[in-house]
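Take a look at the structure set out below.
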Amino acid sequence: MREPYWITCEAARAAVQPLRWQADAVMVGVDTVLADDPMLTDRSGLPRRRPLQRLILDSALRMPLECKLVNTAHNDVTVFTVSNDQAKAATLRARSVRVEILPADAGRVPLDKVLDQLGAENIISLLTETGTRLNTAFLAADLVDRVHLFVSPQIMGSDAVPAFKGMPNPIQMAEVEVLRYGNDLGLCSLLKNPWPA
C-alpha cells in the first residue's frame with residue numbers, strides 16, 4: 001500500500017481525534033482502506049465509556065488481510081458486506097475481525113440495515129470518515145445529523161477526488177460554525193436534531 005497524501009494540515013488531522021473520542025464507532029468504506037490504510041483509532045488519550053468500534057463497508061470483501069485494521073483488530077473491527085466469500089470471511093474472523101453479511105441493496109451494503117444493527121447494539125453515535133460515494137449516499141438518504149467538513153486551501157486539479165458527487169438536491173448547512181486549523185478550515189453544521197422534543 002502506498003503512503004497517504006495528506007490534504008489537511010497536522011492541526012486539522014489532530015482535530016479528528018476528539019470527534020472519534022465522542023463517537024461510539026467510526027466508519028469508512030473499503031476504498032478508503034485501500035487508498036489510505038488507516039487504523040481509525042481514538043488517539044485522544046481521554047477515557048472512553050466503551051471501546052471505539054471500527055467499521056468498514058466492503059460489499060465484495062476486498063479488504064486486504066495485511067492492512068492496519070486487520071492487524072490491530074481486537075474484536076473492535078467489523079466488516080459489513082454482501083459478499084458470500086466464506087473463505088475470506090473465515091480468515092478475517094480468525095484474525096478477530098467480525099464479518100456481518102447483509103442482503104444486498106443493488107449490489108451494495110444497505111446503509112439503513114447497517115444503522116439498524118448498530119442501533120440494536122447501542123451504538124448511538126457514528127462518525128463517518130468516508131469518501132465520495134459513501135458521503136453522497138449517506139447525505140442523499142438523509143442519514144446524517146451533523147456535518148463537520150475540513151477544507152484545505154489547495155488547488156488539486158481535475159483529477160482530484162471530490163467530497164460529494166451527484167447529489168440529487170442541494171443541502172443547506174444552517175448556522176455554520178467556522179473553525180481555523182492552521183491554514184485549514186473546519187465547517188460544522190447540525191443538519192437535523194436526532195433527539196427532537
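The values are calculated or read from the model by the stated rules, or taken from the named source; none is laboratory data. Treat the numbers as computed from the prediction; the structure is a model and nothing was measured. Ideal geometry is used to build each Cβ from the backbone, glycine not excepted, and the neighbour counts take in all protein chains shown.
Within the bounds of the stretch 64-82, is there any residue that is hydroxyl-bearing (Ser, Thr, Tyr), within 18 Å of LEU134 (Cβ to Cβ), at pLDDT 95 or above and not in a strand (DSSP E or B)? No, every residue in the stretch 64-82 fails to be hydroxyl-bearing (Ser, Thr, Tyr), within 18 Å of LEU134 (Cβ to Cβ), at pLDDT 95 or above and not in a strand (DSSP E or B).
Of ALA106, ALA60, all but one fail to be small (Gly, Ala, Ser) and within 12 Å of VAL30 (Cα to Cα); the exception is ALA60.
Within the stretch 17-47, the set of residues being assigned to a loop (DSSP other than H, G, I, E, B), hydroxyl-bearing (Ser, Thr, Tyr) and at pLDDT below 95 comprises just one member, SER44. Scanning the stretch 115-157 for residues that are among the β-branched types (Val, Ile, Thr) and outside any helix (DSSP H, G or I), we see that the one that is modelled with the lowest pLDDT is ILE155.
A search for C-beta distances below 7 Å between a residue of the stretch 105-123 that is without any contact (Cβ under 8 Å) to a residue 60 or more places away in the chain and any residue that is buried (at least 16 other Cβ atoms within 10 Å of the Cβ) and of a type in the set (S, T, N, Q), counting only pairs 6+ apart in sequence or on different chains, returns GLY107/SER59; ARG108/SER59; VAL109/SER59; VAL109/THR81. Taking the listed residues ARG98, ARG108, the one that is basic (Lys, Arg), surrounded by 13 or more Cβ atoms within 10 Å (Cβ to Cβ) and closer than 23 Å to VAL161 by Cα is ARG108, with no other qualifying. Kindly indicate whether ALA90 is at pLDDT below 95 and not β-branched (Val, Ile, Thr). No; evaluated as a whole, the condition is false for this residue. Taking the stretch 22-71 as the range and being among the small types (Gly, Ala, Ser) and crowded, with 21+ Cβ neighbours inside 10 Å as the test, the residues that pass are ALA25, GLY29.
For the residues ALA160, ALA197, ALA174, the requirement of being touching a strand residue (DSSP E or B) at 6+ places or on another chain (Cβ under 9 Å), in a loop (DSSP other than H, G, I, E, B) and either surrounded by fewer than 11 Cβ atoms within 10 Å (Cβ to Cβ) or modelled with pLDDT under 85 (or both) singles out ALA174.
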